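What follows is calculated from the coordinates using simple rules that are stated; it is not laboratory data. Just so it is clear, the structure is predicted and the values come from calculations on it, not from any experiment. Ideal geometry is used to build each Cβ from the backbone, glycine not excepted, and the neighbour counts take in all protein chains shown.
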Amino acid sequence: RWQSRVNAHLNRHKRYPAGERDTGQAAVRFSIDPTGRVLAASLARSSGNGALDQAAIEMVCRASPVPPPPPAIARSRLTLTVPVRFSRR
């Protein structure tokens, strides 16, 4: 499924902030064009930690372009919201 491919692609670009020990989950809202290029990204829900929130937004920007949407849903601009979990293993 396309959204699963997008999530896997985003996770490959996740970076834990240097020196950060907290865990949390943020949500990032972002818009893409039909080729998968990220046009804009913003915080939809805070993790409660500014460094993790910033890392979540940077992850989406760094991951551009994401896998392009299937033709059936491709529009000039498509907006998605994804959870971004940060946890120390």
**Study point:** Local electrostatic count at Glu58 - Lys and Arg +1, Asp and Glu -1, tallied over other residues with Cβ under 11 Å
**Key:** +2
Revision key, fill the gap. Semi-axes in Å, largest first, for the stretch 2-86 (Cα gyration tensor, √(5λ)) are 24, 12, 10
Point to revise | Local electrostatic count, Pro34, Cβ distance below 14 Å [Lys/Arg +1, Asp/Glu -1] | key: +2
Review point. What is the helix-to-structure angle for 50-62, meaning the angle in degrees between its Cα long axis and the longest Cα principal axis of the chain, kept from 0 to 90 and rounded to the nearest 10?
Key: 30 degrees
Review point. Label points 7 Å out from Cα along the Cβ direction at Ala74 and Arg1: separation in nm?
Key: 2.2 nm
Review point. For the pair Thr81 and Arg37, how long in nm is the line joining their label points, each one 7 Å along Cα→Cβ?
Key: 2.7 nm
Review point. Quick one: helix 2-11 against the long Cα principal axis of the chain, what's the angle to the nearest 10°, folded into 0 to 90?
Key: 30 degrees
